[in-house]
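These notes concern the structure reproduced below.
The values are calculated or read from the model by the stated rules, or taken from the named source; none is laboratory data. Predicted model, so just to flag it, every value in this text is computed and none were measured. Every residue, glycine among them, receives a Cβ derived from its backbone with ideal geometry; neighbour counts consider all protein chains shown.
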Amino acid sequence: MERGFNEAQEERILKVIGSFTNEKDILDAWALRIEQSIAFPFQAEIADWQEMASIVQEGDVVKVHSIDGIFDMYGIIVNTRYGRKKVAIPLLDLEPINISGEQRMLLDDYNVWFSNR
């Protein structure tokens, strides 16, 4: 693992990725763990810059309904709603609002792993 990880976080990340070496398998493991551990839907704030043409922009609050898919370049993509509009967005671009500390820690572990892969 990269420098900056604390031991507890490294242990949690290793529990998710297990002995997988293929990145697709690891991303599948993250998606499964997130689906099993987090109650959908939940609210989240757009925490990263979005393209100007995007329906949502940084600071907007969306409702996250489900995992849509996994893409190598963007990681886990989630289905969200912004008002009545449906928006697929990378999970990495979201900051959850109404989830437990344990669930927030899981998403932070995923973000750290994905950013350092």
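Quick notes on this structure:
- Checking each residue in region 68-91 for being among the aliphatic types (A, V, I, L, M) and either at pLDDT 95 or above or assigned to a strand (DSSP E or B) (or both) picks out ILE70, ILE76, ILE77, VAL78, VAL87, ALA88, ILE89, LEU91.
- Taken over region 58-117, the criterion of being among the aromatic types (Phe, Trp, Tyr) and more than 14 Å from GLN43 (Cα to Cα) is satisfied by PHE71, TYR74, TYR110, TRP113, PHE114.
- Candidates TYR110, TYR74, filtered to the one that is without any contact (Cβ under 8 Å) to a residue 60 or more places away in the chain and among the aromatic types (Phe, Trp, Tyr): TYR74
- The set of residues in region 92-105 that are touching a Phe, Trp or Tyr at 6+ places or on another chain (Cβ under 9 Å) and either in a strand (DSSP E or B) or farther than 21 Å from TRP49 by Cβ (or both) comprises PRO96, ASN98, ILE99, GLN103.
- Set ASP25, ASP109: member being among the charged types (D, E, K, R), within 26 Å of ALA8 (Cα to Cα), surrounded by fewer than 17 Cβ atoms within 10 Å (Cβ to Cβ) and at pLDDT 95 or above: ASP25
- For the residues ALA31, ALA44, the requirement of being in a strand (DSSP E or B), out of contact with any Gly (no Cβ under 8 Å at 6 or more places or on another chain), surrounded by 12 or more Cβ atoms within 10 Å (Cβ to Cβ) and touching a residue at least 40 places away in the same chain (Cβ under 8 Å) singles out ALA44.
- Region 47-67, subset within 23 Å of GLY101 (Cα to Cα) and aliphatic (A, V, I, L, M), residue surrounded by the most Cβ atoms within 10 Å (Cβ to Cβ): VAL62
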